[in-house]
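Computed from the coordinates by the stated procedures, all read-outs in this text should not be read as laboratory data. Predicted model only: the values in this text are computed from it and were never measured. Neighbour counts are summed over all protein chains in view; Cβ atoms, including those assigned to glycine, are modelled from backbone coordinates with ideal geometry.
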Amino acid sequence: MPVTGLYFCPDSGTTQATALAIRDRLSKLYQPVISSKWSLEHRLLRETISSNPSPLPPPTPTTSASAASAAGINTSSSPTQAQAQAPGATRTSPTAGANPPQSTAPRFLQYLDLSYHPGKKFALIDRTIVTLDDSFEHILTTKLQPSLWAMRQTLKAEGESFTLEDFRIRIAMLSQGTVIKGVLVEVEYLPCIYLEQGEPVIRDFIEQLGLPSGANVRLYFSRAPVLHLRDGDEDAPREFSILDTGMQYMELLRFR
């Protein structure tokens, strides 16, 4: 998958002046071709803490393994494994007289929908990111919310995608309700699949655009954590993946 990088400039208010200025700057410098509209929706959910947590119901047959795992559901049927229970709940020993469950710090679930990846959703818990199928939407609204996860924030963005030779540029205004949070720009470098090679090119492209800068402006070139590496692969180049793009957005949008 081509390497991507994200630029974000905070711009609280009710106008789209910054996004329009960036689009005008891009058009005057390079005359890109508008290829499509695009959008995103990001939800941040907070784990609900219960003094007497109860086990989760078993997943329905439509529940994908990745969706259940991301939400904290143990789908194993092996009797030797712990039974599924609410994320964050303290597991107790079956021994009589065990200490009561202790409350833990709440966790957060991030849920992301990018329109240009149709049929795929992203979920992030505890630095573990997965892609999910559409059935997770039903699981989230009917089984996990609000009994286990409470909605904290919803962010949305709508904009346009441009094609320019080796680049694809997506520009959009990020908003929460009627309040504009800022402008984001995604730059995708099409010929490159390794972040180590593509990041300098994307940084240079953004610099040439002359985008607004300042203390709160951020660039995101995050990578999704790799859980299992084979011996000798620690320093080997790793191809950029859809999960890396998802991680960039998760870091940008968390508590925005």
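Residues whose amide H falls under 5 Å from that of Q153, counting only those 5 or more places apart or on a different chain, are L44, with hydrogens built in the peptide plane. Highest mean packing comes first when the peptides 148-155, 2-9, 201-208 are listed by Cβ atoms within 10 Å, giving 2-9, 148-155, 201-208.
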